[in-house]
Amino acid sequence: MHKLFLSVAVAALVAGPSSAAPSAVDAQRILRDTKVLSSDEYEGRAPASEGEKKTVAYLTQQMKAGGLQPAGDPLPGGGRAWTQDVPLARFATKGPVAVSVNVAGQSQTWTQGEQIAIRAAQTGAERITITDAPVVFVGYGVKAPERNWDDFKGVDLKGKVALVLVNDPDFETGSGDFGGKAMTYYGRWTYKFEEAARQGAIGFLVIHETAPASYGWATVKNSNTNEIFDVIRKNPAEAHAPLEGWVQRDVAVALTKAAGLDFEALKKAAQTRDFRPVELKGVTFSTDYAVDVQKVVSKNVVGAVAGAKHPDERVVYTAHWDHLGVGQPDAKGDTIYNGALDNASGTALLLELGRAFAKGPKPERTVMFLAVTAEEKGLLGSEYYADNPLYPLATTVGVLNMDGVGPNGLARDFTTSGNAPLTLQDELIAVGKTHDRYFTPDPRPEAGSFFRSDHFPFAKVGVPAISFGGGQDLVQGGRAAGQQRQAAYITSRYHQPADEFDPTWDPRGFEADGTMLFDLGNKLANSRIWPEWKDGAEFKAERDKTKAQRK
Ligand SMILES: [Zn+2]
């Protein structure tokens, strides 16, 4: 989970939630499963660990007992396994990372983690050596044909290192072709690196600036200079340039100055359609380091309730079962990152939704429950499924993701990660109304949270997908209480060993969120609704390619 502060107050529109409707989901079972999965015995559920084995065994056993059918990898003798194998590659730098920049004949040395944060190369190469590569500023590094925008203008980047700005071209001006302050996918650093590979650059270095990145250099350093995981790719060099990394803003300012250019003026130019790449004359970049490459296999767990009328059409619930495993001790000496809220809670709700559909009347469409691995390593279990779908994506109706649900008691509102330009979100809002709950839009769409949860790899291949978030306008204490709880969680528990099961959690919130998600899935599973992307959404064209297959 990549939880962000929800700090903007939104006026309450509707009264509190109703308590009359009978619920298909049982909060006590959700709490029980959350407690089991986040116990020390599960060792923080790291992919490819003993904790994974226990987690996969528990999920499989619960799905079976709950009346689901296995829906994972096809078995050689027919039928399906309960799991989908997810082969992953683990990359780490080995030994020193040497970096130097030559400016007008003078060589300066940079230190990994200080001026620069280089990610261990994911091309499969065991050594990366770049010697005196020219450096080119490429603005926001965006190629968006549907917006008639191309920062590259056909300039050949082969053998060159590009400097690229984070976020998208209208983040600073607040209005333009990229959603204003809100981030489109073109603003996300993952996009920048994908485009680097497509452009054939030897490397892309993202210029870190705190506001458009939405986090400080410490986050960049911590998450880029340790081990990096990726799905195993047939041709990894097509997906990754040899050099992927970040540089501090001051470093970029100094380099452009040394080349006789002004950083702020370059940035202004990059905010326009006419921008062209600018070579930093007299500046070259060199690096040399070794890479350790390992292969591991992790698993997604997959169960389903088959549709009675349209079994080939499926509504998919997702939740990531993995967390951070065992790591650095906290102040109390605890080394197990239990991940109770993140995301034993969502996984437990996934199991409970499975039981609810299995024991209810048969849905017309198939409902599938996909517990994915390696979210914390970069959404890899969901990315692997989206790249290697077990069932056709064209007739996958929609994906409802859950990451951290329920502990704050009853809320008058709910939200989604990022504001999805999708009719699926409208369907969620309509279901919310029947529960007397109103929708609070993501108050910080510029942070790009739409691109930071497991629904996103599905969205990227066109499948309508959203990630549900519980509300903050609490029935007891209102928004002030909700924000206080959220802030306390981020400060003292999020991604720390203290994210543990809490026996004082109010079960009603788990039940309320679960019931809403059940009702939405149930509505989709018993209708002819095909949710769609709205006009202008960057993933609409991909979905529209298969429109004829949806009737
Ligand atoms: Zn997390």
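List of remarks:
- Whole-Å distance, taken between Cα centres, linking the stretch 69-128 and the stretch 363-389: 21
- Computed FRET value (nearest 0.05) for residue 41 with residue 238, which takes r as the C-beta separation and R₀ as 41 Å: 0.50
- Gyration tensor verdict on the chain (Cα atoms; rounded if a/c is under 1.5, prolate if a/b is larger than b/c, oblate otherwise): prolate
- Between residue 359 and residue 198, the contour length at 0.36 nm per residue exceeds the Cα-Cα span by 53.1 nm.
- Cα gyration tensor shape for the stretch 210-359, rounded if a/c is under 1.5, else prolate or oblate: prolate
- Spin-label pair residue 158/residue 528, simplified geometry with 7 Å Cα→Cβ offset, distance in nm: 5.3
- On full extension, the segment bounded by residue 215 and residue 502 gains 100.5 nm, given 0.36 nm per residue less the C-alpha separation.
- Most positive-pole-ward Cα, 430, 104, 524, against dipole of the chain from beta carbon charges: 524
- Alpha carbon centroid spacing (whole Å) that separates the stretch 254-300 from the stretch 395-422: 36
- Spacing of the two label points (7 Å from each Cα toward its C-beta) at residue 544 and residue 436, in nm: 4.2
- Loop-located trypsin sites (Lys or Arg not before Pro) in the stretch 449-536 (DSSP state not H, G, I, E or B) with no more than 13 neighbouring Cβ atoms inside 10 Å: 528, 534.
- Listed residue pairs exceeding 24 Å between alpha carbons, taken from 234/295; 362/540; 192/221; 143/181: 362/540
- In this simple spin-label approximation, residue 296 and residue 127 carry label points 7 Å from Cα along the Cα→Cβ vector, and these lie 2.7 nm apart.
- Zone residues, the stretch 256-300, relative to residue 388, backbone N less than 17 Å from point 7 Å out along Cα-to-Cβ: 294-300
- Full-extension gain in nm, residue 250 to residue 94, via 0.36 nm per residue minus C-alpha separation: 53.4 nm
- Separation of the stretch 456-505 and the stretch 142-165, taken as the distance between their Cα centroids, equals 37 angstrom.
- Taking the average, over residues, of other Cβ atoms within 10 Å as the packing measure, peptides 349-356, 205-212 rank 349-356, 205-212 from highest down.
- Using the rule -39500 (n - 2.57) for each DSSP H run of four or more residues, divided by the residues of the chain, the 222 nm mean residue ellipticity is -8000 deg cm²/dmol.
- Trypsin sites (Lys or Arg not before Pro) restricted to DSSP loop in the stretch 198-273 with at most 13 other C-beta within 10 Å: 234, 273
Where a number appears in this text, it was derived from the coordinates with a stated rule and is not lab data. Since we're looking at a predicted model, the values are computed, not measured. Virtual Cβ from ideal backbone geometry, glycine too; neighbours counted across all protein chains shown.
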